[in-house]
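Values in this text are rule-based calculations from the coordinates and carry no lab data. Note that this is a predicted model, so its numbers are computed, not measured. FYI the Cβ positions are ideal-geometry reconstructions off the backbone, even for glycines, and counts take in every protein chain you see.
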C-alpha cells in the first residue's frame with residue numbers, strides 16, 4: 001500500500017513541475033501586458049520551451065500570436081490564435097515568436113513584443 005501512495009505522490013510531483021531548463025517570464029514584469037511594453041523583451045535570452053505569462057484585465061486587452069508581417073503592420077490575421085483570460089501562459093517555440101494586442105490601436109500604442117527563442 002505504501003508503494004502505491006509513493007507512486008501517486010511521485011506522479012503528482014512530476015505532472016506539476018516544469019522542466020529544469022524552462023524559465024517563466026511575466027511580460028512587462030510587475031506592470032504587465034500594457035501600452036508601451038514593446039522593447040521589454042530586449043536583452044532577454046529566451047529558449048524554446050520558456051513560457052511568457054501575459055497579465056492584464058480581461059476584456060480590456062488580449063494576446064494574439066502573429067507572424068512578422070502582421071506584427072510589423074499591427075494586423076490580426078483571420079486565423080490567429082488569440083488568448084483573452086487575463087493570465088495567459090504561452091510556451092515559446094524555437095525562433096521568432098510575435099505577439100500583439102488585437103484591440104484597435106493597442107498594438108500601435110506599443111502592446112507588442114517579439115521574443116526570439118534559441
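Values as computed for the structure displayed
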item	result
Test: residue in the range 44-51 that is closer than 14 Å to residue 111 by Cα and surrounded by 11 or more Cβ atoms within 10 Å (Cβ to Cβ)	no
Residue count for the range 30-68, restricted to those that are in a helix (DSSP H, G or I) and within 13 Å of residue 113 (Cα to Cα)	1
Selected residue (criterion: nearest to the chain's Cα centre (by Cα)) from residues of the range 77-110 that are assigned to a loop (DSSP other than H, G, I, E, B) and buried (at least 18 other Cβ atoms within 10 Å of the Cβ)	92
Residue among 100, 113 that alone is under 13 Å from residue 27 (Cα atoms) and in contact (Cβ under 8 Å) with a residue 60 or more places away in the chain	113
